[in-house]
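**Q** A single structure is presented below for examination.
The values are calculated or read from the model by the stated rules, or taken from the named source; none is laboratory data. Computed from a predicted structure; not experimentally measured. Note: accessible area is taken over every heavy atom of the protein model, side chains too, but ligands, DNA and RNA are not part of it. Shrake-Rupley method; radii C 1.70, N 1.55, O 1.52, S 1.80 Å.
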Amino acid sequence: MNRLRRKACVALLLFTLFIFGTMMGLRTLKPTDGFSDLAPGMELMPLVGERMDQRPNHVAESAGQNGGVGSDTKIVFSNSGPDHSIFYDIHIFYYLWYGSPQMDGSYIHWDHVLVPHWDPKIASSHSKGRHNPPDDIASSYYPELGSYSSRDPDVIESHMVQIEAAAAGVVVLSWYPPGVADEHGKPTEDLVPAVMDAAHRHSIKVAFHLQPYKGRTDLSVHDNIKYIIDKYGKHGAFYRFKSSTGKILPLFYVYDSYLTPPEAWAELLTVRGSHSLRGTPYDGIFIALIVEERHKQEILAGGFDGMYTYFASNGFSFGSSHQNWKAIKAFCDKNNLLFVPSAGPGYMDTAVRPWNDHNTRNRVNGRYYETSLQAAMSIRPDIITVTSFNEWHEGTQIERAVPKKTVARLYLDYKPHQPDHYLELTRKWAEHFSKEKEQWLM
């Protein structure tokens with residue numbers, strides 16, 4: 001009788017573990033139907049205005065040429081050899097905000113504060129304070145390069161080697177104007193030349209991800225675009241996208257674009273705007289962030305050329321939910337806009353937002369990433385963005401990570417795979433995307 005009882009208990013335990021594992025897998029892979037709570041700073045602007053002008057059609061090819069002339073080649077061979085092709089229609093978000101005592105005088109961003117919830121009752125039940133590198137960093141994963149400095153030339157070179165290995169042809173550089181930084185960091189605009197030089201050595205192009213800052217307006221963005229093009233436009237690594245008119249224009253991603261009303265963007269991005277960039281030497285392809293469904297109309301009214309989704313947490317927002325991408329793509333096609341979906345390997349930001357575990361998306365040894373890339377590819381976009389190369393705080397990085405255990409922390413890692421697992425998956429799907437595109441165009 002005791003033996004039967006023991007067997008029954010073991011069977012019940014195994015069944016319970018099976019159910020738990022199944023539920024966790026479903027939570028990871030299935031998109032939610034609603035709009036999840038957003039992190040602080042995600043307040044959204046109201047819908048304003050209608051379509052104000054027509055922009056030129058865009059062709060399916062993305063160009064990686066210098067200075068505005070060249071062919072429509074989507075694939076180039078790097079200086080590492082003919083078996084290392086890279087693809088200019090795979091763009092990857094890249095961050096320069098990390099610092100170490102050796103290079104910067106102190107840790108920057110690795111010691112990020114634990115962001116309190118805006119509801120005091122919820123905030124009171126979670127940890128406070130900040131991280132204490134190098135053993136305790138603001139990430140659930142630990143980088144192979146350690147708590148590095150973005151100023152270290154060896155780190156920048158290693159990053160470009162990894163990005164080339166992933167076959168991503170365009171680095172989308174998180175950018176603030178000179179002397180400006182995010183609230184937890186220090187200015188990094190002076191690092192852009194080093195990044196562009198390193199990228200150029202690996203046949204990688206650089207686009208700019210315009211970040212929000214205090215006082216950002218359509219007028220200040222006008223000055224930002226002029227500064228970027230004047231300073232970097234002739235660099236061999238400067239990325240341009242080819243439109244159907246035959247023009248090859250710089251491409252800019254505008255993060256948190258909804259914080260500025262569409263009628264203000266229209267002054268910058270429509271031909272009748274009071275300080276329009278259209279038809280000037282500073283014209284470009286401007287891609288806005290879609291979070292809520294109503295942003296589609298706002299982006300259209302603001303004169304943008306397209307929209308991207310950024311967030312790697314499927315179901316976190318309307319824009320980041322895979323189930324909505326087909327409808328967003330149809331809207332963009334109808335209105336002559338680019339739709340650029342963002343795929344990511346997972347999402348885990350509880351190292352900086354300990355109350356946000358409901359938005360965690362487990363990696364499932366790479367299956368989440370492949371599901372995300374497949375969803376992006378299924379809508380036949382011109383470009384796919386990857387979130388991210390090294391946003392360690394939100395656990396979206398594909399940069400090499402290693403197992404690490406300290407007295408206070410046990411970090412996640414990519415086991416049973418090697419540290420370059422997500423670089424290899426990116427290359428696999430970049431090659432698949434290129435082959436699929438060839439079929440679409442036949």
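**Q** Pulled fully out, how much extra length does the chain show between LYS415 and VAL113, if you take 0.36 nm times their separation in residues and subtract their Cα-Cα distance? Walk me through the intermediate numbers first.
**A** Working: separation 302, 0.36 × 302 = 108.72 nm, distance 2.80 nm.
Extra length from LYS415 to VAL113 when fully extended: 105.9 nm.
**Q** Largest first, what is the accessible-area ranking of MET307, MET348 with a 1.4 Å probe?
**A** Working: MET307 0, MET348 35 Å².
The ordering from most to least exposed comes out as MET348, MET307.
**Q** With all protein chains present, calculate the accessible area of LEU425 using a 1.4 Å probe and round the result to the nearest 10 Å².
**A** Ignoring ligands and nucleic acids, LEU425 comes out at about 20 Å².
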